[in-house]
Amino acid sequence: MARKQKTGSTNANETRENLLKLAARTFGTQGYSATTMRAIAEQAGIEAASIYYHFSSKEELVDEVMEQGAGRIVQELNGRIEALGPDATAEQRFRAAVLGQMTGLVKHGDFALAHGRLLGQLPEAVRERQVKRRERHQKLWNGLLEGLRTEGRLRGDVDIHLARIFILGSINSIQSWFNPRKGALEKIADQLCDMFFTGVSPPAS
């Protein structure tokens, strides 16, 4: 059987995806200001001018990296929740969200790292878009926490804002310490949720 040849469009898409991966890693480790389009092009093995065929500027490139980072995490999170079906309890949805966000952070490490570290370094227009996206993500978690309160799994005196900061801070730190050889992600997520509920649940009657 003859091997199917790649089209120009396929090659361009693969090059673009490779540039995004390299950019995510470089932005995440070196920061926005220290990263140059030339350096990313060199890593990709293409001429410096060729990168502008795919991205018109460094601002456009970092904007796409940020969108990819946030989008991939949210996709993992929403996928876990949707898989539960409409009859899931608030606690089941919360636990699925914790595991989903952890999975996204580990699975899409370079994109997630760049997304987490770059916000304060971004050009104003890009930063404004990402702040709005982050606010939507925070509202999603607020909704999950409100659901816990409605079902009696979150005490009335627990501040939703502080609870969200606590759980997201715990989740988002996973890139700095997670080692799959020392424990499965599912087990870690369950333990984190158990500790969370120990602190915020109403006392047993």
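The values are calculated or read from the model by the stated rules, or taken from the named source; none is laboratory data. Quantities reported herein were computed from a predicted structural model and do not represent experimental measurements. FYI the Cβ positions are ideal-geometry reconstructions off the backbone, even for glycines, and counts take in every protein chain you see.
Yes/no matrix, rows are residues, columns are (1) in contact (Cβ under 8 Å) with a residue 24 or more places away in the chain; (2) farther than 20 Å from Ile188 by Cα; (3) touching a helix residue (DSSP H, G or I) at 6+ places or on another chain (Cβ under 7 Å):
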site: Val65; (1), (2), (3): yes, yes, yes
site: Glu76; (1), (2), (3): yes, no, yes
site: Ile81; (1), (2), (3): no, no, yes
site: Leu84; (1), (2), (3): no, no, yes
site: Gln92; (1), (2), (3): no, no, yes
site: Ala96; (1), (2), (3): no, no, yes
site: Leu99; (1), (2), (3): yes, no, yes
site: Thr103; (1), (2), (3): yes, no, yes
site: Ala112; (1), (2), (3): yes, no, yes
Scanning segment 176-196 residue by residue, those surrounded by 15 or more Cβ atoms within 10 Å (Cβ to Cβ) and of a type outside the set (Val, Ile, Thr) turn out to be Phe178, Leu185, Ala189, Leu192, Cys193, Phe196
Pick from segment 25-40 the residues that are of a type in the set (A, V, I, L, M, F, W, C) and within 11 Å of Lys58 (Cα to Cα): which of them is farthest from the chain's Cα centre (by Cα)? Met37
Could you list, in sequence order, the residues of segment 71-109 that are crowded, with 18+ Cβ neighbours inside 10 Å and among the β-branched types (Val, Ile, Thr)? Ile73, Ile81, Val98, Thr103
Let me confirm something: among Ser57, Ser50, which residue is loosely packed, with under 14 Cβ neighbours inside 10 Å, under 20 Å from Gly28 (Cα atoms) and of a type outside the set (A, V, I, L, M)? Ser57
Segments classed as helices (runs of 4 or more DSSP H), wholly inside segment 1-111, with at least 1 members that are of a type outside the set (S, T, N, Q) and in contact with a Pro (Cβ under 9 Å, 6 or more places away or on another chain): 58-84, 90-107
Mind checking which pairs have a first residue in segment 180-205 that is over 25 Å from Gly109 (Cα atoms) and at pLDDT below 95 and a second that is of a type in the set (A, V, I, L, M, F, W, C) and part of a helix (DSSP H, G or I), Cβ under 8 Å, 6 or more apart or different chains? Val200/Leu148; Val200/Ala163
Count of segment 130-163 residues which are in a helix (DSSP H, G or I), among the β-branched types (Val, Ile, Thr) and in contact with a Leu (Cβ under 9 Å, 6 or more places away or on another chain): 2
